[in-house]
1. What's the percent breakdown of Cα-Cα distances in segment 131-248 across 10 Å bins, shortest bin first?
2. GNM, the chain, Cα, under 10 Å: largest mean-square fluctuation among SER274, SER237, SER265?
3. Give the separation of the Cα centroids, segment 28-82 to segment 271-317, in Å.
4. With a Förster radius of 25 Å, plug the Cβ-Cβ distance of GLU227 and LYS281 into 1/(1 + (r/R0)^6) and report the FRET value to the nearest 0.05.
5. Along the charge dipole of the chain, which of GLY210, ALA233, THR40 sits closest to the positive end, that is, farthest toward it, with unit charges on the beta carbon of Lys, Arg, Asp and Glu (+1, +1, -1, -1)?
6. Find the centroid of the Cα atoms in segment 110-189 and in segment 214-242, then give the distance between the two in whole Å.
7. Over 25 Å between C-alpha atoms is what I'm after, so list which of LYS68/LYS281; LYS97/LYS281; LYS103/LYS279 land there.
8. Compare the peptides 117-126, 92-101 by average per-residue count of other Cβ atoms within 10 angstrom and give them in order, highest first.
Amino acid sequence: MATDARASACWSPQRPDQRRDTPHAMPHAMPFLDPFTTATGAQRATVALAGLETLWINTGTLCNLACKTCYIESSPTNDALAYPTLHEVSPYLREAKRRGAAKIGFTGGEPFLNPDAIPMIEESLSLGFSVLVLTNAMRPMMRPAVRQGLSRLQAAHGRRLVLRVSLDGYCAEVHDAERGAGSFAAALDGIAWLAGRGFRLAIAGRLLSGEDEPAMRMGFAELFAREGIDLDASSPSDLVIFPQMSEGTPTPEITEACWDLLGKSPNDVMCASSRMVVKRKGADRPSVLACTLISRDMAFDLGADLDAACNAIVPLNHPYCSRFCVLGGASCSGA
């Protein structure tokens with residue numbers, strides 16, 4: 001499908017130097033400002049939760065790496081999203097269970113920096129959820145206490161626990177340019193440890209090298225064969241390829257008319273099936289976000305109550321809604 005051509009019908013221009021919070025004299029003069037109307041005056045697309053399939057827990061924005069294009073600017077110093085505790089997360093897990101969710105996802109930051117990471121994963125598994133953990137598989141995961149905890153959970157719960165490791169490319173040049181020298185080799189060491197102990201694995205790559213997705217999958221297939229990684233590079237669940245995310249690149253606003261123009265449905269978008277729990281620095285309690293990628297824009301903060309957050313209608317009023325979800329066709333949960 002010629003998505004790019006059809007998307008032009010939804011286009012509203014956006015200069016790279018225009019921020020969402022820039023004051024404007026005339027209503028709807030700039031994109032991604034009004035929650036219900038685009039810059040051209042069209043009705044903005046909105047999404048209702050079709051059913052809660054995945055509840056994400058953000059373990060905090062602190063990370064051992066400072067990647068150049070991190071979606072939520074995680075780093076060794078960014079603690080804008082604090083570490084939630086097991087005590088704080090547990091009620092959300094039980095509410096998600098009541099609502100029929102099947103999966104709990106853990107993301108960060110680097111999840112294994114959170115002192116309660118293993119207990120939170122364990123409680124999720126004990127409640128019967130499948131669990132997906134997004135990790136860079138580096139030093140935080142390789143600490144003895146974390147490895148022991150993971151080994152115990154893998155022995156008890158087997159294939160309901162999936163570790164998805166970030167490899168931005170299939171060679172050190174691309175990955176290290178994004179994450180720092182030596183990070184590719186360190187990630188491969190972590191992957192080898194997981195694979196050698198029978199963990200269920202997946203890999204997350206990104207279109208950073210300028211190659212298209214088929215070329216990326218071919219390169220990863222060669223890497224998997226060379227490293228003895230038992231994954232199918234053609235499988236969208238074994239290897240998730242995310243679109244490139246550039247803050248300065250203009251992207252169309254998504255109108256209600258775009259669904260038919262693009263041959264897509266609101267139910268294809270992440271916020272139709274997931275919510276994310278975060279703990280903001282200084283907050284008394286966690287809150288629930290509409291999206292795993294948008295943590296700074298308070299318009300996507302749906303309050304502390306998961307039930308109310310699940311009933312909220314989400315306007316697609318952010319460039320990520322367009323670039324990552326609708327036009328990029330991506331989902332943090334994978335295929």
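Taken together, the values in this text are just the output of simple stated rules run on the coordinates, not laboratory data. For clarity, every value in this text was computed on a predicted model and none was experimentally measured. Cβ placement follows ideal geometry from the backbone for every residue including glycine, while neighbour counts extend to all protein chains displayed.
1. The calculated distribution, bin by bin, is 14, 47, 31, 8, 0.
2. SER265
3. After rounding, the separation between the Cα centres reads 9 Å.
4. Working: r = 38 Å, r/R0 = 1.54.
Using R0 = 25 Å, I get an efficiency of 0.05.
5. ALA233
6. Using only Cα atoms, the two centres lie 18 Å from each other.
7. Values: LYS68/LYS281 23 Å; LYS97/LYS281 27 Å; LYS103/LYS279 20 Å.
The pairs that break the limit, which is 25 Å between Cα atoms, are LYS97/LYS281.
8. On the way: 117-126: 20.8, 92-101: 17.3.
Those peptides, ordered most packed to least, come out 117-126, 92-101.
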